[in-house]
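To keep things clear, I will list the structure first and then write my remarks on it.
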Amino acid sequence: MKNFFLITNKAKDPEGKYTGRIAEYLHSHGASVFCMEDGRPEKAEEMKIPEKMECAIVLGGDGTLLKAARDMMDSDIPLLGVNLGTLGYLAEVEIVNIEKALERLLCGEYMREERMMLSGMVCHDEKEETLNYALNDIVISRCGSLQILQFDIYVNGKFLNSYSADGMIVATPTGSTGYNMSAGGPIVEPGASLLLLTPICPHTLNTRSIILSPEDEVTIKIPEGREKAIQTVEANFDGTHKITLKTGDKVVIKKASKTTGILKLNTESFLEILHKKMSD
C-alpha cells in the first residue's frame, strides 16, 4: 500500500500537528499522500478523491469516520480511523501508536472488514423524496419541546407495534456500540449482518430491542400525537445529516447494497477490545 488519502477533523487537529506527522512519515517511506485542505466537506459530492488511492486515513474520532464513510461510499476505498478524541470503537488506532500502525499499513499487515450499511428512504405524504445512508444508525427523535412521541412500526409491510417513546433507533452491528448501547440495546459483533430496532426511553415496562434479519425492511411511520396533535420529529443519519418529518411522513429502512471497508490492524478480538473499552 503506497497511496494514502488523509481526512482530518480540523476541530481536533486545528494546527495540523498530527496530520503533518502522518504525512511526513508516509512521505519518508516512499508513499504518496493527498491531504484534504479544507477538512470535511459538507456535501459528499465535494469530496474530491485522487485516482489510485488505496486507503483513507481518517483523523478525529468515530464521528469523523462515520462522515467519511457516507461521503466515500461510492469509492470502494477502505478507511482507517485514528482516534484524537476520547472513547472510540471505530477509530481503533491511538495517535501515540501511529508510527507502528503506519508501518504495518506500508508492509501490508492488515485485514479489511466489510461493514453493513443502512439505506433510509424518507417519504413525505407517501412520495419518495430523499435517500440517505448510515454506517451506524438512523435515529428518529424529537426536535422540539420535551414530549412523548408516537411511532407506528412495520416490518416487511406488516404492522409490528405502536411505540410511545422519546425516539426510535435502527442500528447496524457496527452501530450497536453507539446510541443503541446507550439506549439499552444489545452489543453485536460488528462483522455480523442484521438490523437492531431499539426504542429510546420507551414509556412502557415490556418494550425491548428487536433483532431483525438483514433482508427485513423496517418502516417507521409518524402518526398523530396525543389528542390528534401534529407531530414533528427528526430523522438523523449517523448524527451528521438531519431531515424533519411530520405526521403522515415515514422512513423506510433496509440494508444498503453497498458496504464500508474498514482496515483492522489490531490482532485483538472484538470481545477483547470491548472489555478494554468497558473497563476504562
Quiz item: Of all the accessible heavy-atom surface of the chain, with the other protein chains kept in place and a 1.4 Å probe, what percent is carbon and sulfur?
Solution: 49 percent
Exercise. Calculate how steeply helix 17-28 sits against the longest principal axis of the alpha-carbon atoms of the chain, using the helix alpha-carbon long axis, and give the answer as 0 to 90 degrees to the nearest 10.
Key: 50 degrees
Quiz item: Alpha carbon centre of region 141-178 versus region 227-277: separation in Å?
Solution: 11 Å
Practice problem: Please give the net charge around Ile220, taking every other residue with its beta carbon less than 9 angstrom from that of Ile220, where Lys and Arg add +1 and Asp and Glu add -1. | Solution: +1
Self-check item: Under-5 Å amide H pairs with Glu217, H placed in peptide plane, nonlocal only
Solution: Asn156
Quiz item: Counting DSSP beta bridges in the chain, what percent are antiparallel, to the nearest 5?
Solution: 75 percent
Quiz item: In whole Hz, what ³J(HN,Hα) sequence does region 136-144 give by Karplus (6.51, -1.76, 1.60; θ = phi - 60°), x for Gly and Pro?
Solution: 8, 6, 10, 10, 10, 8, 6, 10, x
Practice problem: Amide H neighbours of Thr247 under 5 Å, at least 5 residues apart or on other chains, H built in the peptide plane: list them. | Solution: Gln231
Quiz item: Once the Cβ-Cβ distance between Leu160 and Ile187 is put in as r, and R0 is 22 Å, what FRET efficiency do you end up with, to the nearest 0.05?
Solution: 0.45
Quiz item: Across all directions of projection, what mean area in square nanometres is found for the Cα convex hull of region 55-195?
Solution: 10.7 nm²
Quiz item: Taking the chain as a Gaussian network, Cα atoms linked when under 10 Å apart, which of Ser141, Ser32, Ser119 shows the biggest mean-square fluctuation?
Solution: Ser32
Quiz item: For region 151-166, in order, what is each residue's ³J(HN,Hα) by Karplus, 6.51 cos²θ - 1.76 cosθ + 1.60 with θ = phi - 60°, in whole Hz (x at glycine and Pro)?
Solution: 9, 10, 10, 10, 10, 6, x, 9, 5, 9, 5, 9, 10, 10, 7, 7
Quiz item: How big is the shadow of the Cα convex hull of the chain, averaged over all directions, in nm²?
Solution: 15.5 nm²
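The values are calculated or read from the model by the stated rules, or taken from the named source; none is laboratory data. Bear in mind that the values here come from a model prediction, so they are computed numbers and not experimental data. Positions of Cβ are backbone-derived with ideal geometry, glycine not excepted, and every protein chain shown enters the neighbour counts. Areas reflect the complete protein model, heavy atoms only, side chains present, ligands, DNA and RNA absent. Shrake-Rupley method; radii C 1.70, N 1.55, O 1.52, S 1.80 Å.
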